[in-house]
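Data block below; observations after.
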Amino acid sequence: MSTNTIVVGCQWGDEGKGKVVDLLAEKADAIARFQGGANAGHTVLVGDKKYILHLIPSGIIYPDKLCYIGNGVVLDPFGLLEEIELLRTQGIDTNGRLFISSAANLVLPYHKLIDSIEEKKRGGDGIGTTLRGIGPAYRDKVSRNGIRLCDIFAPDSLKQKLEHNRKIKQEYFAGCDDDRADTAKIFDDLQRLAPLFEPMMTNVSLDLQRLHREGKCILFEGAQGALLDIDLGSYPYTTSSNTTVGGAMTGLGISPKMIDEIVGIVKAYTTRVGSGPFPTELVDQTGNELREIGGEYGAATGRPRRTGWLDLVVLRHACRINGVEKIAVTKLDVLDRFSTIKVCTAYKLGDREMAELPLNPAALWDVKPVYRDFPGWNSTTAGIDKFEGLPENARKYLSFIADDLGVEICLISTGARRNETILV
Ligand code: GDP
Ligand code: IMO
Ligand code: MG
């Protein structure tokens, strides 16, 4: 029987979803992205080739997999074509196997302009967005001013919709000498692109249902992580979509009955890029070492990522809201040389100790982590291919995490490459 699996990030993104999806995709027939946009940067390393996927599912590296972009994704059509072209130069042909929902909302140049204007206006309280136009595009979707992929094939109504958007965005566009606000140019560009998108446009919900009925195996690839979820994350320092399992249902038009397995991706420590509270953040030498050893620089924006110890309060929340039963722990190798490794088991707020996130995420600025110390293993884990082969202290660290979360570990990653993986 085929197993349909959802892969979701359990922290603040960049957990290594790209690597794990690429590995799991070997056994899948189709891979589907359900939310987010080009704010995502999913890295896949195969041999000496590095691929960074923003919109295209990480399964595309295999020549025979079908890849789907769901209606829950906000699609930058210009960015997607660049991504397709870059893959082509790297020897990956997407022709005839990359499909996009006709209902996907488009990220247009004016969304990126608005994203940067709003970030500037927020001043010191900025969210630190990726400036990829994600928030403004989802806002247009929710307020029903969005332009969807299917709209670019109906020129008259597209023109009207763009004109309406020009009017309602005057607050941003007035006096703005930026061609990203030029809706007439956007219209012409979209008309030019339409024939390229026509063969890719489909009803993703129907296609996935058909594949499912045929007994095919489908992998669902989340972007970002639980703490960036618009509803359940560290609001307002989140992205603008549901990064958790519910997002897969609405973002693809599928039923929860189609899902067999939910795999949460957990980095062996924590990172965050952009602003917002981060209770276990290390702004010291240890934090710098985690960043340098882990190569913690954004795959989408190149920004240095903030780093800190593993946070079980965050992970308990992520596992509960996603129904995670299995986790894939990534980047264990990054901890190889630390003499002491800390795990946050609870927060303290004043005299109160809490095992779960506070009701108001604003309190995350004030909580103090309660740590449990683990002795390091001071040896290399890269290349070890069995759980039993890991140093005893590494096994103790991993078992403690799995026991606390009440989950099984199904995969341990000890390097960015496919073969640097322990399947448990
Ligand atoms: P994603 O957004 O969740 O797909 O993660 P990113 O690709 O943004 O960031 C993860 C980074 O860690 C990438 O550079 C990966 O190549 C790298 N990576 C993934 N797994 C491992 C691992 O186990 N060890 C090390 N050292 N690097 C890893
Ligand atoms: P992947 O899929 C890490 C963060 C941004 C910012 C906040 C809002 O690679 O894990 P947005 O542009 O979405 O409005 O920014 O969310 N963010 C990510 N952080 N990984 C990501 O994606 C992210 N996508 C968005 O840095 O703090
Ligand atoms: Mg990333």
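The values are calculated or read from the model by the stated rules, or taken from the named source; none is laboratory data. What you are looking at is a predicted structure, and each value in this text was computed from that prediction instead of being measured. Backbone-built Cβ (ideal geometry, glycine too); neighbour counts: all protein chains shown.
Among residues of the range 371-424 being small (Gly, Ala, Ser) and closer than 20 Å to Glu261 by Cβ, the one that is farthest from ligand 2 (Cβ to nearest atom) is Gly406. Looking only at the range 12-34, filter to residues that are more than 12 Å from Pro57 (Cβ to Cβ) and in contact with a helix residue (DSSP H, G or I) (Cβ under 6 Å, 6 or more places away or on another chain); which one of those is farthest from ligand 2 (Cβ to nearest atom)? Only one residue tops the list, namely Trp12. Being more than 22 Å from Ile259 (Cβ to Cβ) and not assigned by TED's automatic domain parsing to the domain that holds Asp14 is a description that applies to Ala299. Only one of (1) away from ligand 2 (no atom under 11 Å from the Cβ); (2) within 20 Å of the chain's Cα centre (by Cα); (3) hydrophobic (A, V, I, L, M, F, W, C) is not met by Ile92, so which one is it? Answer for Ile92: the failing condition is (2).
Matching residues to (1) away from ligand 2 (no atom under 16 Å from the Cβ); (2) touching a residue at least 12 places away in the same chain (Cβ under 8 Å); (3) in the same structural domain as Asp229 (by TED's automatic domain parsing):
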{"residue": "Pro136", "(1), (2), (3)": "no, yes, no"}
{"residue": "Ile147", "(1), (2), (3)": "yes, yes, no"}
{"residue": "Phe153", "(1), (2), (3)": "yes, yes, no"}
{"residue": "Lys167", "(1), (2), (3)": "yes, no, no"}
{"residue": "Asp178", "(1), (2), (3)": "yes, yes, no"}
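All but one of (1) at pLDDT 95 or above; (2) more than 10 Å from ligand 1 (Cβ to nearest atom); (3) under 23 Å from Glu325 (Cβ atoms); (4) part of a loop (DSSP other than H, G, I, E, B) hold for Thr3, so report the exception by its number. All conditions are met except number (1). Of the residues making up the range 275-326, those that are of a type in the set (Lys, Arg) and at pLDDT below 95 number 1. Residues in the range 314-347 that are among the polar types (S, T, N, Q), closer than 18 Å to Pro391 by Cα and within 23 Å of the chain's Cα centre (by Cα): Thr330 alone.
In the set (1) in the same structural domain as Arg210 (by TED's automatic domain parsing); (2) without any contact (Cβ under 8 Å) to a residue 24 or more places away in the chain; (3) not in a strand (DSSP E or B), the condition left unmet by Lys50 is number (3). Quick check: anything in the range 127-144 basic (Lys, Arg) and part of a loop (DSSP other than H, G, I, E, B)? Yes, some residue in the range 127-144 is basic (Lys, Arg) and part of a loop (DSSP other than H, G, I, E, B).
Being surrounded by fewer than 19 Cβ atoms within 10 Å (Cβ to Cβ), within 23 Å of Ile127 (Cα to Cα) and within 11 Å of ligand 1 (Cβ to nearest atom) is the requirement here; does Thr271 meet it?
So Thr271 fails the test.
Quick check on the range 335-349. Is at least one of its residues within 15 Å of ligand 1 (Cβ to nearest atom), modelled with pLDDT of 95 or more and in contact with a Ser or Thr (Cβ under 8 Å, 6 or more places away or on another chain)? Looking through the range 335-349, at least one residue is within 15 Å of ligand 1 (Cβ to nearest atom), modelled with pLDDT of 95 or more and in contact with a Ser or Thr (Cβ under 8 Å, 6 or more places away or on another chain).
Here Ala38 meets the list (1) in a loop (DSSP other than H, G, I, E, B); (2) within 15 Å of ligand 1 (Cβ to nearest atom); (3) under 24 Å from Ile409 (Cβ atoms) almost entirely, failing just condition (3). Taking (1) out of contact with any strand residue (DSSP E or B) (no Cβ under 6 Å at 6 or more places or on another chain); (2) surrounded by fewer than 13 Cβ atoms within 10 Å (Cβ to Cβ); (3) at negative phi in turn, Ala355 satisfies each apart from (1).
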